[in-house]
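Below: the structure, in structure tokens.
The values are calculated or read from the model by the stated rules, or taken from the named source; none is laboratory data. Fair warning: this is a prediction, and the values are worked out from it, not measured in the lab. Reconstructed Cβ throughout: ideal geometry from the backbone, glycine too, with neighbour counts over all protein chains shown. To get the accessible areas, we keep the full protein, side chains included, count just its heavy atoms, and leave off ligands, DNA and RNA. Shrake-Rupley method; radii C 1.70, N 1.55, O 1.52, S 1.80 Å.
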Amino acid sequence: MGHNSLYIEAHIRTDVDDLWSRTQEPSEHQRWDLRFTEIDYLPRVDGEPQRFRYATRVLPFLTVAGTGVSAGEKERPDGTRTSALRFSSPHPLSLLAEGSGYWRYVPDGDGVRFLTGYDYRPRWGALGACADRLLFRPLMGWATAWSFDRLRLWLERGITPERARANWLLEMAGRALAIVFAGTGFGFGSLLRLTGPFAPLFFYAMPLLALVTLALALFAPPLPGTPAARRCLRRPPSRVHAPRLLRTLENPR
């Protein structure tokens with residue numbers, strides 16, 4: 001992994017077997033992971049790494065696809081589990097040309113530390129490198145962390161990925177309306193008419209009310225049932241190394 005590789009970690013109060021199932025079964029994985037629209041395993045021979053096809057809908061009319069190869073270690077002497085993958089996309093509109101990463105499952109007290117590290121090579125030369133550094137890589141980090149928290153809500157609270165997404169959209173809409181309300185003062189004129197003799201008091205309180213509304217919309221913590229990237233650790237607590245399993249995988253072509 002390079003020095004710009006992405007790292008995300010979430011602590012999930014669940015059984016490691018349940019977490020393994022939700023992350024290793026393609027039909028379950030594609031429900032909570034914002035980065036993928038479809039994941040399909042390809043036929044394989046026993047003992048060989050698992051090859052798969054993935055697709056991501058970037059726009060309603062644009063889907064980019066690629067292939068990958070993965071392998072997992074479900075039983076390790078230290079009680080942890082690991083999976084690793086390499087992937088590539090030949091699609092000319094995919095900024096990700098090829099990459100690799102891993103998941104680690106570390107039992108920890110009443111739950112599991114679920115963490116990932118991954119990196120990729122962007123295409124489009126210097127333009128792609130600049131777009132990746134300024135926009136795409138931060139977006140990928142956010143999407144991974146947001147997805148990890150959506151997975152946590154599913155396992156800990158029984159909130160399905162679909163319901164969690166709806167909760168997030170509703171909360172974002174509410175915050176956006178609050179920002180518009182604070183910025184335009186919409187409704188304050190009607191409020192003044194209703195307050196009668198107290199109108200001068202409300203007139204002077206309006207700027208403070210607008211600032212409080214804006215602060216709540218921007219900085220209030222997310223609701224408990226809403227996935228949020230901020231709940232995940234985005235930097236490793238110590239120096240991390242990719243698992244040896246990753247070195248055994250060939251680049252998919």
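Residue by residue, here is whether (1) touching a strand residue (DSSP E or B) at 6+ places or on another chain (Cβ under 9 Å); (2) within 17 Å of L6 (Cβ to Cβ); (3) at pLDDT 95 or above holds:
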position	(1), (2), (3)
L95	yes, yes, no
E98	yes, yes, no
Y102	yes, yes, yes
V112	yes, no, yes
L115	yes, yes, yes
G125	no, no, no
A131	yes, yes, no
A143	no, yes, yes
F148	yes, yes, yes
Might you let me know whether region 93-109 holds any residue that is over 27 Å from L223 (Cα atoms), of a type in the set (G, A, S), in contact (Cβ under 8 Å) with a residue 12 or more places away in the chain and part of a helix (DSSP H, G or I)? no
So which pairs qualify, if the first residue must be in region 151-172 and over 16 Å from T14 (Cα atoms), the second must be among the β-branched types (V, I, T), the Cβ gap must be under 9 Å, and the two must be at least 6 apart or on different chains? A164/T226; N167/I159; N167/T226; W168/T226; L170/T226; E171/T226; M172/T226
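Go over the candidates A205, A220 one by one and state the one that is at pLDDT 70 or above and of a type in the set (A, V, I, L, M).
Working: A205 fails: at pLDDT 70 or above.
Only one candidate qualifies: A220.
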Those residues of region 6-27 which are more than 15 Å from the chain's Cα centre (by Cα) and farther than 19 Å from E73 by Cβ amount to R13, T14, S27
Just to be sure, is F36 within 20 Å of L151 (Cβ to Cβ), within 20 Å of the chain's Cα centre (by Cα), aromatic (F, W, Y) and in a loop (DSSP other than H, G, I, E, B)? yes
Could you tell me how many of the residues in region 111-159 are among the hydrophobic types (A, V, I, L, M, F, W, C), open to solvent by 50 Å² or more (accessible area, probe 1.4 Å) and assigned to a strand (DSSP E or B)? 0
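Residue-by-condition table, conditions (1) among the polar types (S, T, N, Q); (2) surrounded by 13 or more Cβ atoms within 10 Å (Cβ to Cβ); (3) within 23 Å of Y120 (Cα to Cα); (4) touching a residue at least 24 places away in the same chain (Cβ under 8 Å):
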{"position": "R44", "(1), (2), (3), (4)": "no, no, no, no"}
{"position": "E48", "(1), (2), (3), (4)": "no, no, no, no"}
{"position": "L59", "(1), (2), (3), (4)": "no, no, yes, no"}
{"position": "G66", "(1), (2), (3), (4)": "no, yes, yes, yes"}
{"position": "L85", "(1), (2), (3), (4)": "no, yes, yes, yes"}
Answer with yes or no whether I179 is open to solvent by 10 Å² or more (accessible area, probe 1.4 Å) and at pLDDT 95 or above. no
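How about region 1-33: which of its residues are part of a loop (DSSP other than H, G, I, E, B), over 19 Å from L246 (Cα atoms) and open to solvent by 60 Å² or more (accessible area, probe 1.4 Å)? Don't jump to the end; show me each part of the working.
Residues of region 1-33 that are part of a loop (DSSP other than H, G, I, E, B), as a first pass: 1-5, 13-15, 25, 33.
Now narrow it down to the ones that are over 19 Å from L246 (Cα atoms): 13-15, 25, 33.
Answer for region 1-33, where residues must be part of a loop (DSSP other than H, G, I, E, B), over 19 Å from L246 (Cα atoms) and open to solvent by 60 Å² or more (accessible area, probe 1.4 Å): R13, D15, E25.
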Spot the failing condition for E38; the list is (1) modelled with pLDDT under 90; (2) of a type outside the set (V, I, T); (3) out of contact with any Asp or Glu (no Cβ under 7 Å at 6 or more places or on another chain), and only one is missed. (1)
Please go through (1) surrounded by fewer than 15 Cβ atoms within 10 Å (Cβ to Cβ); (2) of a type in the set (A, V, I, L, M); (3) under 18 Å from the mean Cα position of the chain (by Cα) for L93 and return the number of the only condition it doesn't satisfy. (3)
